[in-house]
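Each remark here refers to the structure printed beneath this line.
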Amino acid sequence: MKIAQVAPLFESVPPVYYGGTERIVSYLTEELVNQGHEVTLFASGDSTTKARLISPCPRSLRLDPDCIDYLPYFYVMLEQVFKEAAGLDLIHFHIDYLHFPLSRRQLTPHVTTLHGRLNIPDLTGLYREFSDIPLISISAAQREPLPWAGWQATVHHGLPLDLYELKTGEGNYLAFLGRVSREKRVDRAVEIATLAKMKLKIAAKVDAADRDYFRTEIEPLLDNPLVEFMGEIDEKEKGEFLGDAYALLFPIDWCEPFGMVMIEAMACGTPVIAYPHGSVPEVLEDGITGFIVQSTREAAAALEKTTTFDRARCRRIFEKRFSVTRMAEDYVKIYQRLCARDNRGRGRRVQKEAIKLPPMAGRPGAGLSTPAESRVAKSTKED
């Protein structure tokens, strides 16, 4: 198939540091190429891929100090996408709803994976207006605020099996990996580590929108002698950071759409201690790949159970449920279904136009004998 992957421009594909959506787009793109598909990736110019790369900007926008307004680059990218559309079998968008009005008005089959939260009241009217746009969720929990939207399937994220390796977890620290924000609750992680009297290493990004929160509410917690703040880490550092950890803390306080860090920890065989919000009960198997808890005290108590945790079994479950091969195969099935449906729809439209025959055809016993009628019959049969 000839497939386009349309990525956000905030990070490169794959990202240098934090960037869950761009990372998944990268894994999916490379696996589709490996499976023999012809893929065009629309992403920032500093992206690395085996696919054909088309970019509206030379580098990722978040790391570009000269970028003031993001939107112009996205509009240029959309123009690039739709210039290429006629030569594609399907366009796969990962940029939320920015393209909806344009996608509705073009003929190439398309689908959109939504990677973010949907429990925002402002989105209701938007998705009702564009209820015909085909959507893919990354968890069943993500759909709950908009169950009537144009859902086609749920596809859980997947990772390359050789990205991380099973580790022994010999480190004596707890890990927090991701982003510093109110909903991620790094403050809870500090409280859990304090209750357990264990060292906590925080590898986290601080977005501009969260800097005030970080300065006023999180920085004072970093004076705790048990806490080490590492900032953002790259992919190479992540495997060692997660694999050597005693456990990963995921004490979220929001409707997490997926939580890729959970499967990254599973790939290393590291148990996850998580609160039961959003996708957590879908991703984690309580007592097997981690422990689902309701409070900081339960989290501290769960850490005692990790002494008998089977890290090899955790890794095997990751390989079965969350591989990039499984993810790509799931997506290809959806692509094929949407393309087949679109072709049937086009066939019905052509046939409907074709059966508008001249008056002669409506008389009893009249055959398709005129040249015009013969052409209509021939075009219908060939379609």
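Here are the numbers for this structure:
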{"quantity": "Count of residues meeting criterion [under 14 Å from R315 (Cα atoms) and either surrounded by fewer than 22 Cβ atoms within 10 Å (Cβ to Cβ) or touching a Ser or Thr at 6+ places or on another chain (Cβ under 8 Å) (or both)] in the stretch 270-286", "calculated": "4"}
{"quantity": "Lone qualifier among I95, I133, I120, I68 - being in contact with a Pro (Cβ under 7 Å, 6 or more places away or on another chain), within 20 Å of P8 (Cβ to Cβ) and in a loop (DSSP other than H, G, I, E, B)", "calculated": "I95"}
{"quantity": "Complete set of residues in the stretch 64-83 that are charged (D, E, K, R) and either touching an Asp or Glu at 6+ places or on another chain (Cβ under 6 Å) or surrounded by fewer than 17 Cβ atoms within 10 Å (Cβ to Cβ) (or both)", "calculated": "D66, D69, E79, K83"}
{"quantity": "Residue match in the stretch 1-10 (condition: touching a Cys at 6+ places or on another chain (Cβ under 9 Å), over 19 Å from L98 (Cβ atoms) and aliphatic (A, V, I, L, M))", "calculated": "yes"}
{"quantity": "Every residue from the stretch 136-156 that is of a type outside the set (G, A, S) and either farther than 29 Å from M262 by Cα or outside any loop (DSSP other than H, G, I, E, B) (or both)", "calculated": "I136, Q142, R143, W151, Q152, T154"}
{"quantity": "Filtered residues of the stretch 221-250 (kept if part of a loop (DSSP other than H, G, I, E, B) and farther than 20 Å from T307 by Cα)", "calculated": "N224, P225, L226, M230, G231, E232, I233, D234"}
{"quantity": "Test: residue in the stretch 239-247 that is surrounded by fewer than 17 Cβ atoms within 10 Å (Cβ to Cβ), charged (D, E, K, R) and either in the same structural domain as K305 (by TED's automatic domain parsing) or under 20 Å from L63 (Cα atoms) (or both)", "calculated": "yes"}
{"quantity": "Residue in the stretch 71-85 that is without any contact (Cβ under 8 Å) to a residue 60 or more places away in the chain and in a loop (DSSP other than H, G, I, E, B) present", "calculated": "no"}
{"quantity": "Residue tally, condition touching a helix residue (DSSP H, G or I) at 6+ places or on another chain (Cβ under 7 Å) and in a helix (DSSP H, G or I), over the stretch 181-220", "calculated": "10"}
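The values are calculated or read from the model by the stated rules, or taken from the named source; none is laboratory data. Here the structure is a predicted model, which means the values were calculated and not measured. Cβ atoms come from the backbone with ideal geometry, glycine included; neighbour counts cover every protein chain shown.
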